[in-house]
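Here's the structure, in structure tokens; my notes come after.
No lab work stands behind these numbers, since they all come straight from the coordinates. Quick caveat, the model's predicted, so the values are computed rather than measured. Reconstructed Cβ throughout: ideal geometry from the backbone, glycine too, with neighbour counts over all protein chains shown.
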Amino acid sequence: MHRPTHLARKSSADQAIIDLIERNIRDRVWLPGDRLPTERELAETLGASRNTLRRGLKILELEGKITRHVGRGSYVSSDLAMEEGEGPLRPERRSLLTDFIRRASPVEIMEVRSMIEPTAAAMAAVRATREDLNLMERYLAEADLAQELETFEEIDALLHMQIVLSTKNRLLADIYHEINNARIEPAWKELKRRKLTIAQRHRYHADHHAVVQAIMGRDADLAKSLSKSHLREAAKDLFAVQ
């Protein structure tokens, strides 16, 4: 099982891999639903190490451009728009949004997450495909095995992003992608390191299981309620919010 890496901390080597894969997708070398070459083949073709390639693939997965399945490989996302710049947020607007979010405090980010995520969970309960649900289950299984807080947080980021991607609302996914990346900012990571206990982490993971089960059961109201409760308790733990 591959452990998630720092998904938004892109080195020049990571970015080169991402650019090459995205170019092949834009040029329709690989179409939506196509299986990508194996990691070994991609590494040889792109002249990259396996570790660099895996970091690039993880970033593309979080951005919703590819999906990855244990034992089956990586695939171009079926929902991916093929024309460069077609997404709701063009690069210059995404950059502006990223700057705003980086200046936001952890409290502000949590408040915005509390507005977005419960509604996204309800939408996912209605719109998620079997592939979406399989990915949610996969991230839960990986989190079950996570020993370190950093690893758990990175898998958690993938799960939350997958729920939002399952809404099939690309504007929402673009915005949330930038919000989700805020968790690797130093202020957020230090807050988690100081405040969260092992018991709280286990409780959050149980919450995640419950939310995903509600989504799989197509119970939008329950998914929304559970997500809202989870975020409310997390805010209390982190910020002593009543």
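When R102 is tested against the conditions (1) in a loop (DSSP other than H, G, I, E, B); (2) in contact with an Asp or Glu (Cβ under 8 Å, 6 or more places away or on another chain), the lone failure is (1).
For segment 159-178, a residue qualifies if it is under 19 Å from T98 (Cα atoms), buried (at least 21 other Cβ atoms within 10 Å of the Cβ) and not aromatic (F, W, Y), and the qualifying residues are H160, M161, V164, L165, A173, H177.
Among the residues making up segment 152-192, those that are among the small types (G, A, S) and part of a helix (DSSP H, G or I) are A157, A173, A182, A187. For beta carbons closer than 6 Å, sequence separation of 6+ or different chains, a first residue in segment 104-121 that is more than 12 Å from H230 (Cα to Cα) and a second that is part of a loop (DSSP other than H, G, I, E, B), the qualifying pairs are A120/T167. Taking each residue of segment 17-44 that is over 22 Å from G71 (Cα atoms) and looking for partners that are charged (D, E, K, R) with beta-carbon atoms closer than 6 Å, six or more apart or interchain, yields R26/E84.
Considering segment 39-71, and only residues there that are surrounded by fewer than 17 Cβ atoms within 10 Å (Cβ to Cβ) and outside any helix (DSSP H, G or I), the residue that is farthest from the chain's Cα centre (by Cα) turns out to be G47.
Looking across segment 135-158 at every residue that is out of contact with any Lys or Arg (no Cβ under 9 Å at 6 or more places or on another chain) and within 25 Å of R72 (Cβ to Cβ), the one that is surrounded by the most Cβ atoms within 10 Å (Cβ to Cβ) is identified as M136.
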